[in-house]
Amino acid sequence: SDKPDLRFDLKLWEVTDAVRDCGFSVFKNAVETGARIRGIRFPGGASMSRKEIGELEEFCKEFGAKGMAWLAVQDGEGASTSASGRKVRGSIAKFFTPEELEAILTEAKAEENDLLCMIADEYMVGNNVLARLRNEIGNRCGLRDPRKLNFIWVLDFPLVEWDANANRWSPAHHPFAAPKDEDLQYLESDPGRVRADCYDIVCNGTEWASGSIRIHRADIQSRVFSLLGIDVETQRSRFGHMLDAFSFGAPPHGGFAPGIDRLVMILLNEENIREVIAFPKMGNGYDPMMDAPSEIDAAQWAEMGLRLS
């Protein structure tokens, strides 16, 4: 997660290699297509009913998961036994060998009466789902203490991410963030390895401030544009003014933008930022205080050089 809540210590874990050849076809087929099998531990969750576990699965589906597999570290009807003799129940438990079950329990640092929730999906999709599930578990278990403020720096963001739909690299933040100097050698040969000089401050799972050092050299900016599929002609027509300015020797520069309203929201223990800003918009973008957006009269259309079509 790029905004983890570190007030509680529940870490994500991975069992891709451990279940690569297991008898559970969903996991086995997922691994063969390049997916990762990752999970989160729900302390004491084994005592939940099937209906409650089903609600957790629906929660995961809301954020892009195809489903959620689970194992309960608890004895019961049809329970399987791990290599160390621990009992594990669940509809998928029978598909694993004792050694595979033991590997899952070990990676999860599972304790008696835990529920192990697992997602089989692409790395980024799984991260997003499990990060949200982690916060939900933290809420249910009372682990997100509102009296604590846990500030952390998040560094070393990727410069680009692969866009499967467009079949090209896309900027993880924006195309003007500077690559780290030591990673420039990989810009063309291994773009996914390149880190950006970006930095966030996160508090209690909420991004509070974000910033980056910007590119200030024309040659590096042109290389990044080319990586993103922007040809030289388009670079000149859209960004020629910037490239020319850089060529005269622009100084290194960067910035940082804190969200004061977000910090106030955290300090007041509010879950919705609309509660702490002066003129909050409704869900549809309507501002009830200013009655905006409202009708535009003919003089305003003329002033803007626009007409309603």
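Worth pointing out:
- Two-site FRET efficiency, Ser49 against Arg223, from Cβ-Cβ distance with R₀ of 35 Å, rounded to 0.05: 0.05
- Projecting the Cα atoms of Ile37, Ala292, Val202 onto the charge dipole of the chain, computed from C-beta unit charges around the Cα centre, puts Ile37 farthest toward the positive end.
- Taking the protein heavy atoms of the chain in the context of the full set of protein chains, the accessible area attributed to carbon and sulfur is 51 percent at 1.4 Å.
- Counting only Cα atoms, the size of segment 166-239 along its three principal axes is 45, 28, 26 Å, in decreasing order.
- Ranking Cys60, Gly78, His253 by Cα position along the charge dipole of the chain, where only Lys, Arg, Asp and Glu carry charges on their C-beta atoms, puts Gly78 farthest toward the positive end.
- With all projection directions averaged, the alpha carbon convex hull of segment 110-254 covers 12.0 nm².
- Every Cα-Cα pair of segment 59-159 was included, and the share exceeding 24 Å stands at 38 percent.
- With Cα atoms defining each centre, segment 42-93 and segment 106-156 are spaced 16 Å apart in the structure.
- Taken over the chain, the ratio of Cα radius of gyration to 2.2 N^0.38 Å equals 1.27.
- For segment 1-23 and segment 226-274, distance of Cα centres in Å: 32 Å
- For the chain, size of Cβ-based charge dipole, Lys and Arg +1, Asp and Glu -1, in debye: 360 debye
- Distance in nm between pseudo-label sites at Glu122 and Met289 (7 Å out along the Cβ direction from Cα): 4.0 nm
- Rounded, prolate or oblate (a/c below 1.5 giving rounded, otherwise prolate when a/b exceeds b/c) for segment 194-309 by Cα gyration tensor: oblate
- Between Ala209 and Ile201, Gly259, the built amide H atoms are under 5 Å apart, and every one of these is 5 or more places off in sequence or on another chain.
- Over segment 1-44, equivalent-ellipsoid semi-axes from the Cα gyration tensor in Å: 26, 12, 7
- Spin-label pair Ala83-Thr33: with each label point 7 Å from Cα along the Cα-Cβ axis, the two points sit 3.0 nm from one another.
The values are calculated or read from the model by the stated rules, or taken from the named source; none is laboratory data. Note that the structure is a prediction, hence the values are computed from the model and not measured. When we count neighbours, we look across all protein chains shown, and the Cβ atoms used for this are built from the backbone with ideal geometry, even at glycine. Note: areas computed on protein heavy atoms with side chains; ligands, DNA, RNA excluded. Shrake-Rupley method; radii C 1.70, N 1.55, O 1.52, S 1.80 Å.
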